[in-house]
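Structure, as structure tokens:
The values are calculated or read from the model by the stated rules, or taken from the named source; none is laboratory data. Here the structure is a predicted model, which means the values were calculated and not measured. In this analysis, Cβ positions are derived from the backbone assuming ideal geometry, glycine residues included, and neighbour counts consider all displayed protein chains. Heads up: the accessible areas ignore ligands, DNA and RNA and are worked out on the full protein's heavy atoms, side chains in. Shrake-Rupley method; radii C 1.70, N 1.55, O 1.52, S 1.80 Å.
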Amino acid sequence: MPVKKGIRLRLYPNTEQSILLNKTLGCCRFLYNKMLEEHITVYAQLKDDNDALYNHKYKTEKQYKLEYPFLKEVDAKALQTANRQLFAAYQNFFEGLKTGREVGFPRFKSKKRYPQTYTTYNINNSIRIDPQRRKIRIPKVGWVKYSDNRTISDPIKHITLSKTAPHKYFVAVTVVSEVEIPPKKAVLHSKDVAGFDMSATHFLIGEHTQYENPRFYRDEEKRLKKRHRELSRKEKGSKNREKARLKLGQVYEKINKRKRDWLHKVTHDLSERYDAVILENLNIKGMQQFNSGLSKSITLDFSWYQFRAYLGYKMDWKGKYFVLIDRFFPSSKLCSVCSQINNDLKLSDRVWTCKLCGTTHHRDKNAVVNIKGEGIRILQEEIGIVVISTTHHDTSTVGTTGSHASGENVRPPLPILGQFSRKEESTSL
Ligand SMILES: [Zn+2]
């Protein structure tokens, strides 16, 4: 099956080439902003006349090129992509209005905002790689040096050039490669199914494993604050301010790189260890909560969509399952033993006792059991696969609903779901 893969390379353009790259970035930004401006003007003029607004003919790229001839000097495909990006941003915005999702109105692209990017497509081999010389051919720019040891032999679909705050250049090469994907498993053992509760303090909490937030979040946060302070002290428009901005950009870049590496590591590990991974779908609000627990700065945020995408394709490629359960599923409030819902549960309650069956729950562990249970239900009822109950490390018995009692000094009063715990895991509170 053909799948898209991305490979990111650091570029080392010579002076002439970096001028050309900057020019393309500038032209794409210029065209994007001009088109956005036009849209805003037209909207202001015609907003009361739906028909006219709907049928309005916006200026084409060609017309813009006639008006601003310098646009002709750069890669035409890159300009087309800028146009398409604006269109997509618009559609996203209007879709958001319909569905109530919070999507901002397309914004003007600023010269000062990094990374700056443009995307261009491979047409008749216009983009190719020479691994011997370690050079990549970029339309209108020529052969640019890169550093990387990986062999890239799959056909190139498109590339995205980016310039980061410390004025470094990168290219993300999207290739199409044939991947041998095993057929999806039809029968799973519940011990190979893992549910995780996500939290700002611990990242992922599972039944038997935990993935902690990387230490570097904290270290880098200090550095980031320091660099921000330095920048704010420098006089506006001064050379020193520019230098401070570069330094700050370097910290951001390093964090992003480490974050990506870390996300790949965690998702790889999960996809190796389990046949199915179950998580709760986070909404924007939930993410904000998640992030505020981590850090106040925006870059250190947890990239939920990135994490979800990495895990999704890694599970897929191994014939495994990644299940997201509904964000309204009451994973914390539900008693995993008797299914009673505790509506009095507060966010600060780390331990609670079920009023119906008397089980004492550790908040996170109870949620994990419920998440796994709901995931197994989806796997069986909605995806149609069989999940066989199996014991894990001989510590607990997991029924088909995935529930088993958790917490301390719990003993199974009501055999409603027919499960019981044989031996408690040590639960530190
Ligand atoms: Zn209960």
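Count of the stretch 103-147 residues, restricted to those that are within 24 Å of the chain's Cα centre (by Cα) and farther than 27 Å from Tyr90 by Cβ, is 0.
Every residue in the stretch 349-369 that is part of a helix (DSSP H, G or I) and open to solvent by less than 10 Å² (accessible area, probe 1.4 Å), please.
Here is the first cut: in the stretch 349-369, the ones part of a helix (DSSP H, G or I) are 363-369.
Hits for the stretch 349-369 are Asn366, Ala367, Val368, Val369.
Cβ-Cβ distances below 8 Å connect the following pairs, each with a first residue in the stretch 335-358 that is free of Cβ contacts under 8 Å to residues at least 60 places away in the same chain and more than 19 Å from Ile371 (Cα to Cα), a second residue that is open to solvent by 40 Å² or more (accessible area, probe 1.4 Å) and more than 8 Å from the ligand (Cβ to nearest atom), and a separation of six or more residues or different chains: Cys357/Pro413; Cys357/Ile416; Gly358/Pro413.
Being under 26 Å from Glu253 (Cβ atoms) and of a type in the set (Ser, Thr, Tyr) is the requirement here; does Thr117 meet it? Yes, satisfied. Here the strands (runs of 3 or more DSSP E) wholly within the stretch 165-218 that include at least 2 residues being at pLDDT 95 or above and crowded, with 20+ Cβ neighbours inside 10 Å are 169-178, 193-195.
Is it true that some residue in the stretch 45-66 is part of a helix (DSSP H, G or I) and within 23 Å of Lys112 (Cα to Cα)?
No: the stretch 45-66 contains no residue that is part of a helix (DSSP H, G or I) and within 23 Å of Lys112 (Cα to Cα).
Please enumerate the residues belonging to the stretch 308-348 that are away from the ligand (no atom under 16 Å from the Cβ), under 16 Å from Ala194 (Cα atoms) and either surrounded by 19 or more Cβ atoms within 10 Å (Cβ to Cβ) or not assigned by TED's automatic domain parsing to the domain that holds Ile378 (or both). Selection gives Leu311, Lys314, Met315, Lys320, Tyr321, Phe322, Val323, Ile325. Looking across Asn92, Asn33, one residue alone is modelled with pLDDT under 90, of a type in the set (S, T, N, Q) and open to solvent by less than 90 Å² (accessible area, probe 1.4 Å). It is Asn92.
Quick one: how many residues across the stretch 349-391 are more than 16 Å from the ligand (Cβ to nearest atom) and in contact with a Leu (Cβ under 6 Å, 6 or more places away or on another chain)? Counting residues in the stretch 349-391 that are more than 16 Å from the ligand (Cβ to nearest atom) and in contact with a Leu (Cβ under 6 Å, 6 or more places away or on another chain) gives 2. If the condition is being surrounded by 15 or more Cβ atoms within 10 Å (Cβ to Cβ) and without any contact (Cβ under 8 Å) to a residue 60 or more places away in the chain, then the stretch 121-137 contributes Tyr121, Asn122, Ser126, Ile127, Ile129, Arg134, Lys135, Arg137. Pairs are defined by a Cβ separation below 7 Å, a sequence spacing of at least 6 or placement on different chains, a first member in the stretch 24-49 that is assigned by TED's automatic domain parsing to the domain that holds Gln85, and a second member that is acidic (Asp, Glu) and open to solvent by less than 30 Å² (accessible area, probe 1.4 Å); the pairs so defined are Thr24/Asp75. Restricted to helices (runs of 4 or more DSSP H) entirely inside the stretch 235-342, those with at least 2 residues that are aliphatic (A, V, I, L, M) and modelled with pLDDT of 90 or more are 239-273, 304-317.
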